[in-house]
1. For residues in region 38-71 being open to solvent by less than 10 Å² (accessible area, probe 1.4 Å) and under 14 Å from the mean Cα position of the chain (by Cα), which is farthest from Gly233 (Cα to Cα)?
2. Which residue out of Leu134, Leu146 is assigned to a helix (DSSP H, G or I), at pLDDT 95 or above and crowded, with 20+ Cβ neighbours inside 10 Å?
3. Checking Met271 against (1) part of a helix (DSSP H, G or I); (2) more than 18 Å from Leu323 (Cβ to Cβ), which test does it fail?
4. Give me the pairs: first residue in region 162-176 and open to solvent by less than 50 Å² (accessible area, probe 1.4 Å), second residue of a type in the set (Val, Ile, Thr), beta-carbon distance under 7 Å, and six or more apart or on different chains, which are they?
5. Looking for something more than 26 Å from Thr16 (Cα to Cα) and not aliphatic (A, V, I, L, M) - is there at least one such residue anywhere in region 73-81?
6. If a residue counts only when it is touching a Pro at 6+ places or on another chain (Cβ under 7 Å), which strands (runs of 3 or more DSSP E) contained entirely in region 1-92 have at least 1 such residues?
7. Say whether the condition of being assigned to a helix (DSSP H, G or I), at pLDDT 95 or above and either charged (D, E, K, R) or surrounded by fewer than 16 Cβ atoms within 10 Å (Cβ to Cβ) (or both) is met by at least one residue in region 105-122.
8. Evaluate the following for Arg259: is it open to solvent by less than 70 Å² (accessible area, probe 1.4 Å) and within 22 Å of Ala82 (Cα to Cα)?
Amino acid sequence: MSQPIELGLDTFGDVTADAAGTPQPHAQVIREVVEQGVLADELGLDFIGLGEHHRADFAISSPDVALAAIAARTTRIRLGSAVTVLSSDDPIRVFQRFATLDAVSKGRAEVILGRGSFTESFPLFGFDLKQYELLFAEKLDLFAALIAGGPVTWEGSIRPPLASQSVFPPVESGRLKTWIGVGGTPESVVRAASYGLPLMLAIIGGEPGRFRAFSSLYRRALAEFGKPEQPVGVHSPGYVGETDAQAREDFFADYKRMRDRIGAERGWPPMQRAEFDREIDQGSLYVGSPETVARKIAATVTALGASRFQLKYSAGPLPHAKLLSCIRLYGEKVAPMVRDMVAQGG
């Protein structure tokens, strides 16, 4: 691999339960996410990403604001979205918010742009789902012009054109690090390559090695477009416990609640324990002891040639104390083992 592996964390600010099993207020969940980010920084982890959602089961709708709170209490960790739903936002405002975060954090801001796996933001902000593809394509094109720096001249069909328009504040380093989050379509992979932007693969189910075709396609497309090499990252769910058995026991019930709630909206059958165990053993759930999780992460990043792995550590009502325990084990034990394994060739 051409660069050291980066180990990060992602959370959507899932609404957690207190000790009595009662869902916590959204405000409390957001405050706890800030504490989780502070701990991740103390442990030397490389990145924390906050997702954007607009529904009752996730507390974070404005990742950049929560990230600014984390920035004020940290010194090293990079801060980003996971993801920003660009289709239902204003690209100029997204750029301005993350340029501001970059200033506050002294150059630690990143943004991961995607279409998102939920659609609540479209009616909320007055966008037509029939324009799902067009909105993302044109807004990404505008965003690419914004991160290039300098006055922007741009024209499309979804908003009035821009003619040599300056946008403030400028990014102090000259360029905002911008990833494209992809769920697994070749068209999205090629689009990321066409702009020369880093690729973040959201692998939330199935054998991770099957995404090797996408990382290979991305690198071929970069070359064909005449773009320089860019990093590939992986986002996947998981949980670290002291032992394999304890991790599965801690995680299963709350992960199932989250999975079944979303599944009921999408027509999926309830998840059975055998499916959960199979996804851990063969798929894209990184659940187990530090050594088990480290070996699985190292195998994935080696197979895909990835230079970053982001563990989505929150799951439904899984309590704050367990999330902190997972983060601590991930930072203190998993991360050093993964770096050693990858350095030795997986």
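The values are calculated or read from the model by the stated rules, or taken from the named source; none is laboratory data. The structure displayed is predicted, hence computed values, not measured ones. With ideal geometry, Cβ positions are generated from the backbone for all residues, glycine too; neighbour counts draw on all protein chains shown. Side chains included, ligands, DNA and RNA excluded: accessible areas come from the protein's heavy atoms. Shrake-Rupley method; radii C 1.70, N 1.55, O 1.52, S 1.80 Å.
1. So the residue we want is Ile60.
2. Working: Leu134 fails: crowded, with 20+ Cβ neighbours inside 10 Å.
After applying the criteria, what remains is Leu146.
3. (1)
4. As it stands, the answer is Leu162/Val152; Leu162/Thr153; Val167/Ile92; Val167/Val152; Pro169/Thr100; Leu176/Val111; Leu176/Ile147, since those pairs meet every condition given.
5. Yes, region 73-81 has at least one match.
6. Hits in region 1-92: 47-50, 78-81.
7. no
8. Working: open to solvent by less than 70 Å² (accessible area, probe 1.4 Å): yes; within 22 Å of Ala82 (Cα to Cα): yes.
Yes: the conditions hold for Arg259.
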